[in-house]
Amino acid sequence: MTKKKDNLAKKITSFSDNAIWTTYPLTVKWLQEQRKTMESFDIESIELHRGVNATIILLSAACLEGFLVDCLKSYVANNRFAARDTFEGRLDHDFLNRISTATFNDFPDLFRLTLGNPLSALISDTDLIEGIRTLINFRNGIAHARSVIHQSSIVEPEGDEDYEIEHQYHDVHKYLEGKNLIYGQQNLFSDKIADHFASLIKSYIDAVLPLIPTSQTMELNMNVSLAYPANKTKQVTK
């Protein structure tokens, strides 16, 4: 019996692609409903409430990134079948690998290759773009469990008190203040803040989809319909 070479390239004959991001919007909606059962003000309930809202923010960001990866994959649907013994084939596999391992910071270059420009240059709603950037910044802090640190100091010679939030959440706090969603040392993980970021995702998806060639959007549209059923898209607010 001949032993197979470990480095022998396998020839892909078929594959399936089952999106996970499509499950997140309905999960977010369920979490929003669960908050109604957390009305007590003991420390355990307060911490649980904050944790639920942090999870809503995490899932919202993950949903967005999953959708964007699917948009990019629509350009290379058949790349995994490309032969690896040609320059073009190796480029196909390399680009597919770049998409599969991309972080949010990689998306501008990847969409520049596919669309000619990064999404931020193609979407006219600058307020939406700012909100999405802030969401990703917020998500990064939560994902690494960074503490929210409030700092105050006395400004001489008047002796006025100066207040700011430190490091990871500084820009997030500034954005939320501009939206009148927070002031001073108020809770960064309130219902209205979590719901604000969750509400941005469908708007962003609706802004991106028309930029993708129609011939590539059938599966994307199906996944969006799974994520946001027509009769269940209304966000729960408090």
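Based on the Cβ-Cβ distance from ASP42 to LYS179, what FRET efficiency comes out when R0 is 25 Å, to the nearest 0.05?
Once the sixth-power term is evaluated, E becomes 0.25.
If each residue of separation counts as 0.36 nm, what is the full-extension length gain between SER215 and ARG90 once their alpha-carbon separation is subtracted?
42.5 nm
Which residue, chosen from VAL52, CYS71, SER40, occupies the Cα position most advanced towards the positive end of the dipole of segment 30-79, where the dipole is computed from +1 (Lys, Arg) and -1 (Asp, Glu) charges on Cβ about the Cα centre?
CYS71
Do any of LYS29/LYS192; LYS179/LYS202; LYS29/LYS174; LYS73/LYS202; LYS73/LYS192 go past 25 Å between their Cα atoms, and which?
Long pairs (Cα-Cα over 25 Å): LYS29/LYS174; LYS73/LYS192.
Label MET222 and GLN151 with points 7 Å out from Cα along Cα→Cβ: what is the distance between them in nm?
It is 5.2 nm.
Going highest first, how would you order 127-139, 213-225, 190-202 by mean Cβ packing within 10 Å? If you can, show how the numbers build up before the last one.
On the way: 127-139: 18.5, 213-225: 13.1, 190-202: 20.7.
Result, highest mean first: 190-202, 127-139, 213-225.
Rounded to whole Hz and in sequence order, give me ³J(HN,Hα) for segment 166-175 from the Karplus expression 6.51 cos²θ - 1.76 cosθ + 1.60, θ = phi - 60°, writing x for Gly and Pro.
Working through the residues one at a time gives 7, 6, 3, 9, 4, 5, 4, 4, 4, 4 Hz.
We did not get these values from a lab; they are worked out from the coordinates using the rules stated. Worth saying up front: this structure is predicted, and the values here are computed from it rather than measured. FYI the Cβ positions are ideal-geometry reconstructions off the backbone, even for glycines, and counts take in every protein chain you see.
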